[in-house]
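Undergrad: Sharing a structure below in structure tokens format, with a few things to ask.
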Amino acid sequence: MAGLAAAFGSGAMTNPISDIEKADVILVIGSNTTENHPVLSTYVKRAVTKKGAKLIVADPRKIDLTQFATHWLRHTLGTDVALINGMMNVIIEENLYDKDYVESRTEGFKELKEMVKTYSPEHVEDITGVPAKQLVEAARLYAGAKAGSILYAMGITQHITGTDNVKSLANLAMLCGNIGIEGGGVNPLRGQNNVQGACDMGGLPNVYSGYQKVDDPAVRERMIKAWSLKDLPDRPGIPVTEMMELAYDGKMKAMYIIGENPMLSDPDLSHVKKSLKNLDLLVVQDIFLTETAQLADVVLPSASFAEKDGTFTNTERRVQRVRKAVSSPGDAKDDWKIICNLADKMGYPMKYGNPRDIFREISEVTPSYSGITYERIEHEGIYWPCPTKDHPGTPVLHKEQFSRGLGLFHAVEYLPPAELPDKKYPLFLTTGRVLYQYHTGTMTMKSDGLNQLAPECFVEISKKDAEVYHIEDNDMLKIISRRGKIKARAKISERAKQGMVFIPFHYVRAAANKLTNTALDPVAKIPEYKVCAIKIEKAA
Amino acid sequence: MDTENIIIINGLKCSFSKNETILETALRNGIKIPSLCYLSNTVSTGKCKICLVEIEGEDELVLSCQTVSQHGMVVKTDTPRIAAARRARLEELISSGHHNCLVQEMDINSWTDFQRDAMAPDIHRTLCPAYGECRLQDLAIQYRARPVKAAKITAPPVEDVNPFIVRDFSRCILCGRCVKACNEVQVNRVINFNESESKVITKDDLPLKDSNCVFCGECVQVCPVGALVSKRDFEIHTKPNTTKKIRTTCSYCGVGCQIYIHVKDNQIVKVTGVDNFGPNRGSLCVKGRFGFDFVQHPARLTTPLIRKGKKLKEATWDEAIDYIANKLGYLKDKYGPDSIGVLTSARITNEENYLAQKFARAVIGTNNIDHCARL
Ligand code: SF4
Ligand code: SF4
Ligand code: SF4
């Protein structure tokens with residue numbers, strides 16, 4: 001979410017989910033919303049069918065939302081920046097942008113204007129494959145909106161240019177005055193249920209809770225006092241991808257992994273396995289013996305969400321209650337209790353009676369959560385920032401001004417993906433999820449019903465490509481990249497674009513991430529899951 | 001209050017907004033009008049014909065869900081005449097299908113809660129699985145409606161060839177709520193009435209599993225009777241009032257839908273959406289509604305494990321915590337705190353994430369804390 005933070009000063013969804021029904025134009029890009037955020041997609045579909053909003057879908061795959069779209073821009077994988085620059089080119093050329101807004105609330109427009117000049121619709125057609133005429137129409141449509149909402153997800157961020165992609169979307173939204181208004185915004189849809197909360201709480205190498213920088217001396221002083229310490233480390237730590245690298249080189253000695261399964265979610269799995277095996281100590285705390293836990297030196301059984309009290313923060317920054325419904329099996333314990341026990345043992349007592357006590361401490365040290373209490377969110381969650389006990393919360397960000405003051409345009413040029421198809425590996429591969437499974441499947445694959453509906457991995461391939469390779473539906477295929485190979489059955493589908501296949505990444509036995517590229521976005525450190533080059537062969 | 005926008009319901013002055021129906025005006029003003037087919041935020045079908053009201057100066061009773069509020073209207077929602085009409089309509093509905101919830105045989109005047117509980121047998125094959133949670137049953141009891149004729153059941157048999165939803169057409173009262181939910185709320189556009197409006201069907205009347213149904217279960221949640229039930233509910237029949245509902249947040253995607261977990265004897269029996277509150281206003285998807293088996297799955301970890309050679313062996317909490325504390329302490333001393341990394345999680349709570357980073361920073365002394373979800 002670094003791209004948004006750079007442009008606006010805050011990296012979260014700018015508008016609440018319910019605002020989608022207030023938009024008159026919605027641009028969905030890099031999000032297969034009906035499968036990944038199903039209930040949120042109902043807002044998009046109702047906006048179109050009941051409120052008369054117009055929908056623009058930009059996606060190489062023919063996702064379900066295209067049925068509701070006025071314009072479906074089927075751009076080539078990894079060409080998002082070119083596409084958006086093209087739209088801005090039209091909007092600026094045709095004088096359709098919001099001049100007052102650009103003048104009074106933003107900076108950097110001159111550079112942007114200069115840069116997008118080269119992205120004529122015709123040139124963009126060459127890069128993206130989207131017909132110039134269609135691009136022009138979509139640009140006009142978005143620019144003409146009273147309130148235009150942009151929704152995006154991993155299809156935008158999981159690229160080496162992920163941060164650039166996001167900055168481009170921020171550019172487009174600011175250009176048309178769509179930030180800080182009801183029904184507008186640039187809205188990243190978070191894939192996992194409490195990613196927003198994990199970030200808000202400081203589960204990041206460079207910030208404490210509430211995005212307070214670890215290298216800001218004043219902040220550090222405050223945290224040292226709040227936590228009754230003598231000292232705190234003053235340099236930012238390293239992100240997970242670099243931890244894995246260091247572990248691989250033997251420089252990282254121990255990892256304590258809570259509720260994550262990098263053995264299936266990381267790019268380039270064989271590398272991850274070697275890294276984890278190299279550690280002197282691997283502790284895994286989870287509810288199942290995941291692929292990662294199987295490599296651990298110590299496994300700690302934890303409680304599932306249904307067995308504990310606490311809060312989650314959803315993708316729209318709404319802090320909501322989690323409540324205990326059933327008791328945990330056997331000796332499984334709440335994660336917070338385990339951490340407290342371990343801290344006690346290591347000589348730093350953490351004494352909390354219950355999650356409510358912890359939350360009180362969170363509100364004390366986290367400005368954006370200061371006004372939130374369990375009592376206030378008993379019935380309905382509150383949107384942060386909520387600085388005081390009588391503050392109603394902030395559904396729409398950047399209303400009067402941006403978190404950073406003026407919104408900043410970034411002139412970002414299009415860069416191709418790190419790996420492009422070539423003679424040897426002639427096809428694009430993109431990865432993602434299916435409706436009936438979730439992430440690495442540790443939860444969904446315990447449901448017979450869900451497994452029945454999405455039993456195994458598949459390769460979604462276009463009819464044309466299937467013809468080229470003489471593939472029939474359900475044929476077993478070998479999919480090979482420079483990093484590994486897997487086997488999966490062909491699913492010939494009109495969803496797939498010619499020259500590109502799609503594989504869901506949920507399945508252990510055919511882990512798509514054995515194929516994907518570890519090339520990282522230099523800022524966000526997110527790997528390029530969404531594009532790599534592969535070849536396919538019929539399995540014997 | 002805008003004086004041009006006032007109607008009087010049961011003697012109460014109520015304001016209304018343009019194009020609002022009497023039913024909606026009443027609901028918004030806290031006056032309940034019973035209905036079996038009304039579904040908020042959708043266009044009313046007027047099919048159940050229970051929401052009858054009297055308007056002063058009009059001879060006929062009108063359907064409040066089909067009549068727009070107009071300035072100066074004087075409306076009554078509960079008169080003997082209305083009650084009689086509602087009862088007649090309820091009797092028609094109970095007689096229209098397989099509504100064997102004993103309302104039919106008993107002298108309802110003598111029912112107590114205790115008797116209702118006792119009457120619910122443990123095996124429900126003969127009894128409706130919605131027993132105790134059925135709006136039709138509730139209203140039949142309230143209005144003392146009895147069947148007028150033995151039900152002629154011509155509906156096709158129960159459809160249960162999918163993992164999640166049981167459709168029992170013999171109990172369908174054709175209210176159309178499921179159709180509204182599927183088309184106007186979820187906008188999945190899977191089910192609709194057939195041409196003669198005598199059955200709710202998918203395209204070509206295929207079973208749900210062969211249609212483009214995405215098993216969001218919105219239709220199940222809104223069905224007022226036992227015509228659509230979740231399979232688990234169907235299998236583990238629960239007596240009314242023996243389950244408790246706990247409100248919490250779905251643990252799958254970032255939408256954070258508000259859910260009720262229904263629990264009986266520490267077993268999760270079903271999950272439903274919390275109506276009227278954001279972000280989901282009652283809606284859920286297949287994972288949130290039906291994907292809860294993992295919570296009580298036999299493969300759950302129940303004890304700490306410590307590696308002994310190639311194998312992970314069961315250990316006590318004390319052993320496990322001691323082991324980790326010693327080893328982390330040793331590595332920290334020998335290689336420095338930055339040789340240790342902590343990965344926290346998008347699956348655990350805010351409180352736990354907060355403690356995880358506090359642990360890394362305050363206890364280990366490193367900022368090497370991250371989570372995989374950026375991945
Ligand atoms: S489960 Fe959902 S998609 Fe399927 S019929 Fe019901 S409402 Fe429609
Ligand atoms: S299945 Fe239920 S909701 Fe649908 S029409 Fe029949 S009674 Fe109404
Ligand atoms: S019910 Fe579905 S849409 Fe809602 S939070 Fe859960 S997974 Fe997401």
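The values are calculated or read from the model by the stated rules, or taken from the named source; none is laboratory data. Since the model is a prediction, treat every value here as computed from it, not as a measurement. Every residue, glycine among them, receives a Cβ derived from its backbone with ideal geometry; neighbour counts consider all protein chains shown. The area values use the complete protein model at the heavy-atom level, side chains included, leaving out ligands, DNA and RNA. Shrake-Rupley method; radii C 1.70, N 1.55, O 1.52, S 1.80 Å.
Undergrad: When you scan region A:195-208, do you find a residue that is over 19 Å from the mean Cα position of the chain (by Cα), on the phi < 0 side of the Ramachandran plot and not assigned by TED's automatic domain parsing to the domain that holds A:VAL44, even just one?
TA: Yes, that holds for at least one residue.
Undergrad: Tally time: how many residues in region B:275-329 are more than 16 Å from ligand 3 (Cβ to nearest atom) and not in a loop (DSSP other than H, G, I, E, B)?
TA: 22
Undergrad: Out of the residues in region A:31-44 meeting the condition of being part of a helix (DSSP H, G or I) and more than 7 Å from chain B (Cβ to nearest Cβ), tell me which one is nearest to A:ARG74 (Cα to Cα).
TA: Per the stated criteria, the residue is A:THR33.
Undergrad: Within region A:354-373, work out how many residues are surrounded by fewer than 16 Cβ atoms within 10 Å (Cβ to Cβ) and closer than 21 Å to A:ALA306 by Cβ.
TA: Adding up the residues that qualify gives 2.
Undergrad: While we're here: If you go through region A:420-469, how many residues are assigned to a loop (DSSP other than H, G, I, E, B), open to solvent by less than 20 Å² (accessible area, probe 1.4 Å), over 17 Å from A:ILE486 (Cα atoms) and of a type outside the set (Val, Ile, Thr)?
TA: Summing the residues that are assigned to a loop (DSSP other than H, G, I, E, B), open to solvent by less than 20 Å² (accessible area, probe 1.4 Å), over 17 Å from A:ILE486 (Cα atoms) and of a type outside the set (Val, Ile, Thr) in region A:420-469 gives 9.
Undergrad: Does B:GLY217 fit the bill of being closer than 25 Å to A:THR49 by Cβ and either near ligand 2 (Cβ under 8 Å from one of its atoms) or out of contact with any Lys or Arg (no Cβ under 9 Å at 6 or more places or on another chain) (or both)?
TA: no
Undergrad: Just checking, how many residues over region A:325-339 are within 7 Å of chain B (Cβ to nearest Cβ) and under 29 Å from A:TRP384 (Cβ atoms)?
TA: Within region A:325-339, residues that are within 7 Å of chain B (Cβ to nearest Cβ) and under 29 Å from A:TRP384 (Cβ atoms) number 4.
Undergrad: Pick from A:GLY432, A:GLY407, A:GLY371, A:GLY353: which is within 27 Å of A:SER10 (Cα to Cα) and within 14 Å of chain B (Cβ to nearest Cβ)?
TA: A:GLY432
Undergrad: Failed condition for B:VAL161, given (1) crowded, with 17+ Cβ neighbours inside 10 Å; (2) within 14 Å of another protein chain (Cβ to nearest Cβ); (3) away from ligand 3 (no atom under 16 Å from the Cβ), with all others met?
TA: In the conditions (1) crowded, with 17+ Cβ neighbours inside 10 Å; (2) within 14 Å of another protein chain (Cβ to nearest Cβ); (3) away from ligand 3 (no atom under 16 Å from the Cβ), B:VAL161 misses (1) alone.
Undergrad: So for region A:324-337 (the condition being part of a strand (DSSP E or B), hydroxyl-bearing (Ser, Thr, Tyr) and either under 21 Å from A:PHE288 (Cα atoms) or open to solvent by 10 Å² or more (accessible area, probe 1.4 Å) (or both)), does at least one residue qualify?
TA: No, region A:324-337 contains no residue that is part of a strand (DSSP E or B), hydroxyl-bearing (Ser, Thr, Tyr) and either under 21 Å from A:PHE288 (Cα atoms) or open to solvent by 10 Å² or more (accessible area, probe 1.4 Å) (or both).
Undergrad: Specify which of the listed residues (A:ALA7, A:ALA47) is buried (at least 23 other Cβ atoms within 10 Å of the Cβ) and either modelled with pLDDT under 95 or among the basic types (Lys, Arg) (or both).
TA: Of the residues listed, the single one that is buried (at least 23 other Cβ atoms within 10 Å of the Cβ) and either modelled with pLDDT under 95 or among the basic types (Lys, Arg) (or both) is A:ALA7.
Undergrad: Does A:VAL90 meet the test of being farther than 29 Å from A:LEU427 by Cα, away from every other protein chain (no Cβ under 14 Å) and in contact (Cβ under 8 Å) with a residue 12 or more places away in the chain?
TA: So A:VAL90 fits the description; yes.
Undergrad: In region B:213-237, which residues are in a loop (DSSP other than H, G, I, E, B), under 13 Å from B:THR272 (Cα atoms) and away from ligand 3 (no atom under 16 Å from the Cβ)?
TA: B:CYS223
Undergrad: Next question. Does region B:236-256 contain at least one residue that is within 16 Å of ligand 2 (Cβ to nearest atom) and touching a residue at least 24 places away in the same chain (Cβ under 8 Å)?
TA: No, because not a single residue in region B:236-256 is within 16 Å of ligand 2 (Cβ to nearest atom) and touching a residue at least 24 places away in the same chain (Cβ under 8 Å).
Undergrad: If you don't mind, there's one more thing I want to ask. Provide a single number: the residues in region A:126-142 that are in contact with a Leu (Cβ under 7 Å, 6 or more places away or on another chain) and open to solvent by 20 Å² or more (accessible area, probe 1.4 Å).
TA: So the count comes out to 2.
Undergrad: Of all residues in region B:204-228, how many are more than 14 Å from chain A (Cβ to nearest Cβ) and of a type in the set (D, E, K, R)?
TA: Adding up the residues that qualify gives 2.
Undergrad: While we're here: With (1) open to solvent by 50 Å² or more (accessible area, probe 1.4 Å); (2) more than 10 Å from every other protein chain (Cβ to nearest Cβ) as the list, and A:ASP344 as the residue in question, which single condition is left unmet?
TA: (2)
Undergrad: Can I ask one more? Among the residues of region B:165-180, write down those that are within 8 Å of ligand 2 (Cβ to nearest atom) and not basic (Lys, Arg).
TA: Passing the criteria: B:PHE169, B:CYS172, B:ILE173, B:LEU174, B:CYS175, B:GLY176, B:CYS178, B:VAL179.
Undergrad: Further question: Any idea which of A:ALA12, A:ALA53, A:ALA82, A:ALA47 is farther than 30 Å from B:SER251 by Cα and within 14 Å of chain B (Cβ to nearest Cβ)?
TA: On inspection, the qualifying residue turns out to be A:ALA53.
Undergrad: Can you find even one residue in region A:69-90 that is more than 30 Å from A:GLY191 (Cα to Cα), in the same structural domain as A:PRO38 (by TED's automatic domain parsing) and in a helix (DSSP H, G or I)?
TA: Yes, some residue in region A:69-90 is more than 30 Å from A:GLY191 (Cα to Cα), in the same structural domain as A:PRO38 (by TED's automatic domain parsing) and in a helix (DSSP H, G or I).
Undergrad: Might you let me know whether region A:128-143 holds any residue that is aliphatic (A, V, I, L, M), more than 16 Å from ligand 3 (Cβ to nearest atom), assigned to a helix (DSSP H, G or I) and touching a Gly at 6+ places or on another chain (Cβ under 8 Å)?
TA: For region A:128-143, residues aliphatic (A, V, I, L, M), more than 16 Å from ligand 3 (Cβ to nearest atom), assigned to a helix (DSSP H, G or I) and touching a Gly at 6+ places or on another chain (Cβ under 8 Å): present.
Undergrad: Has region B:299-321 got at least one residue that is more than 7 Å from every other protein chain (Cβ to nearest Cβ), surrounded by 18 or more Cβ atoms within 10 Å (Cβ to Cβ) and in contact with a Pro (Cβ under 8 Å, 6 or more places away or on another chain)?
TA: Within region B:299-321, one or more residues are more than 7 Å from every other protein chain (Cβ to nearest Cβ), surrounded by 18 or more Cβ atoms within 10 Å (Cβ to Cβ) and in contact with a Pro (Cβ under 8 Å, 6 or more places away or on another chain).
Undergrad: Determine which member of the set B:PHE277, B:PHE290 is crowded, with 18+ Cβ neighbours inside 10 Å, within 30 Å of A:THR42 (Cα to Cα) and either of a type in the set (Phe, Trp, Tyr) or within 7 Å of another protein chain (Cβ to nearest Cβ) (or both).
TA: Every option except B:PHE290 fails the conditions.
Undergrad: Of everything in region B:247-288 that's among the hydrophobic types (A, V, I, L, M, F, W, C) and within 15 Å of ligand 1 (Cβ to nearest atom), which residue is farthest from A:SER18 (Cα to Cα)?
TA: Ranking the candidates gives B:VAL271 first.
Undergrad: When you look at B:THR272, is it within 16 Å of ligand 2 (Cβ to nearest atom) and either part of a loop (DSSP other than H, G, I, E, B) or not small (Gly, Ala, Ser) (or both), yes or no?
TA: It is true that B:THR272 is within 16 Å of ligand 2 (Cβ to nearest atom) and either part of a loop (DSSP other than H, G, I, E, B) or not small (Gly, Ala, Ser) (or both).
Undergrad: Regarding B:ARG89, is this residue under 17 Å from B:GLY176 (Cβ atoms), assigned to a helix (DSSP H, G or I) and open to solvent by 30 Å² or more (accessible area, probe 1.4 Å)?
TA: Against the criterion (under 17 Å from B:GLY176 (Cβ atoms), assigned to a helix (DSSP H, G or I) and open to solvent by 30 Å² or more (accessible area, probe 1.4 Å)), B:ARG89 qualifies.
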